[in-house]
Amino acid sequence: MVCAQVETSPRRCWQKVLYERQPFPDNYVDQRFLEELRKNIHARQYQYWNVVYESGVVVQQLCSVCVFVVTWWYMDAGVLSPQGLFGAALLTSLLGYVLFDAIDAGVGRRESGRTRWADLKSTLVFTAFTYGFSPVLKTLTESISTDTIYAMSAFMLLGHLIFFDYGANAAIVSSTLSLNMAIFASVCLASRLPRSLHAFVMVTFAMQIFALWPMLQKKLKARTPYCYVGVTALFALVSLVGLASVSSVGAVLFASLLLSISCLCPYCLIRLQQLKDNIHGPWDEAEIKEDLSRFLM
């Protein structure tokens with residue numbers, strides 16, 4: 001019936017409108033329909049070495065977790081004293097603090113309006129509170145089995161890696177949640193150390209490597225890319241050497257993981273990007289480009 005009606009009706013040009021009655025079926029389209037077909041109009045073209053460079057953030061965070069766990073193992077085994085770790089952490093913190101200002105000649109500090117006296121007060125308050133509550137941290141998980149503590153710590157460190165801010169604009173990113181999960185893992189592991197002084201030093205070291213170290217690395221990446229690459233490679237080497245002293249098999253597996261993330265995964269991304277085939281055309285849903293926030297007031 002529809003075909004007969006179309007054939008017997010006067011020849012008429014089809015229009016893509018709904019407010020007029022036309023002698024065509026509802027699903028009819030003319031030859032111009034596929035002329036507006038576009039492919040991969042929003043696809044990004046990646047360069048291999050640029051992707052390798054960006055993967056350094058993931059490598060650094062994995063190495064941070066590795067260094068933290070190896071340091072805890074050394075303290076638990078009695079190889080590393082809390083005084084030695086605290087002195088090394090204090091020295092590296094001072095060097096990092098000076099380097100943080102030297103990278104941009106203090107421009108960031110002047111823009112933020114934060115003084116060195118304010119930084120010193122924050123450091124002293126945190127150190128005093130952590131030292132005062134270290135006996136509580138030491139006995140906080142006495143009623144929990146050691147296996148459960150290790151499982152919770154592993155889960156929290158995994159969550160720290162998942163929610164960490166690697167620079168992607170995604171809903172899953174949460175710097176606050178990532179840091180809290182890392183500190184929670186450090187508290188759990190510190191409660192299994194011999195004395196409260198060990199717990200104090202371990203939590204302080206966790207704050208340094210999970211909160212302060214990423215800030216310095218982010219600034220190095222933005223200001224001095226070559227130094228950032230060198231520091232990343234050196235940090236990865238240190239973490240591998242430390243892990244090798246504990247487990248040679250673990251060091252080999254961890255090295256394979258780092259190589260896969262920094263070399264193999266970027267290559268796979270580049271290869272798969274060539275197979276991308278997203279089509280766009282008049283069938284796409286309409287997108288509102290105008291800012292409608294004024295209607296929410």
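With a cap of 15 neighbouring Cβ atoms within 10 Å, and only residues DSSP puts in a loop, list the trypsin sites (Lys or Arg not before Pro) found in region 24-63.
Values: sites: R32, R38, K39, R44; in loops: R44.
Within region 24-63, the qualifying trypsin sites (Lys or Arg not before Pro) (loop, at most 15 other Cβ atoms within 10 Å) are R44.
Using 7 Å Cα-to-Cβ label points, what is the L257/Q45 separation (nm, one decimal)?
3.6
Toward the positive end of the charge dipole of region 48-273, about the Cα centre and with charges on Cβ (Lys, Arg +1; Asp, Glu -1), which of V187, S112, C268 goes farthest?
Most positive-ward Cα: S112.
Using alpha carbons only, what's the Rg to Rh ratio of region 17-79 with Rh from Kirkwood?
Radius of gyration over Kirkwood radius for region 17-79 works out to 1.59.
Summing Lys, Arg as +1 and Asp, Glu as -1, what charge do residues with Cβ under 14 Å from the Cβ of C188 carry, C188 excluded?
-1
For the chain, take the longest principal axis of its alpha carbons; what is the angle in degrees between that and the long axis of helix 213-223, to the nearest 10 within 0 to 90?
For helix 213-223, the angle is close to 50 degrees.
Write down the accessible area per residue of the chain in Å², having rolled a 1.4 Å probe over the full set of protein chains.
Per residue, the chain has 67 Å² of solvent-accessible surface.
Would you kindly calculate the translational diffusion coefficient of the chain, applying Stokes-Einstein with the Kirkwood radius from alpha carbon pairs, for 37 °C and a viscosity of 0.692 mPa s, and quote it in µm² s⁻¹ without decimals?
On the way: Rh = 24.0 Å.
The Stokes-Einstein estimate is 137 µm²/s.
Using alpha-carbon pairs under 8 Å, 6+ residues apart, how would you state the relative contact order of the chain in percent?
Answer for the chain is 31 percent.
Once you wrap a convex hull around the alpha carbon atoms of region 82-194, what is its projected area averaged over all directions, in nm²? Before the final figure, lay out the partial values.
Working: hull surface 37.2 nm².
Over all viewing directions, region 82-194 projects a mean Cα-hull area of 9.3 nm².
What percentage of the solvent-accessible surface of region 48-273, computed with a 1.4 Å probe over protein heavy atoms, is contributed by carbon and sulfur atoms?
Heavy-atom surface of region 48-273 belonging to carbon and sulfur, 1.4 Å probe: 73 percent.
Taking the mean number of other Cβ atoms within 10 Å as a proxy for protection, how do you rank 13-19, 261-267, 177-183, 210-216 from highest to lowest?
177-183, 210-216, 261-267, 13-19
The values are calculated or read from the model by the stated rules, or taken from the named source; none is laboratory data. Since we're looking at a predicted model, the values are computed, not measured. Here the Cβ is made from the backbone with ideal geometry for all residues, glycine too, and neighbour counts use every protein chain on show. Surface areas here come from the heavy atoms of the whole protein model, side chains and all, with no ligands, DNA or RNA. Shrake-Rupley method; radii C 1.70, N 1.55, O 1.52, S 1.80 Å.
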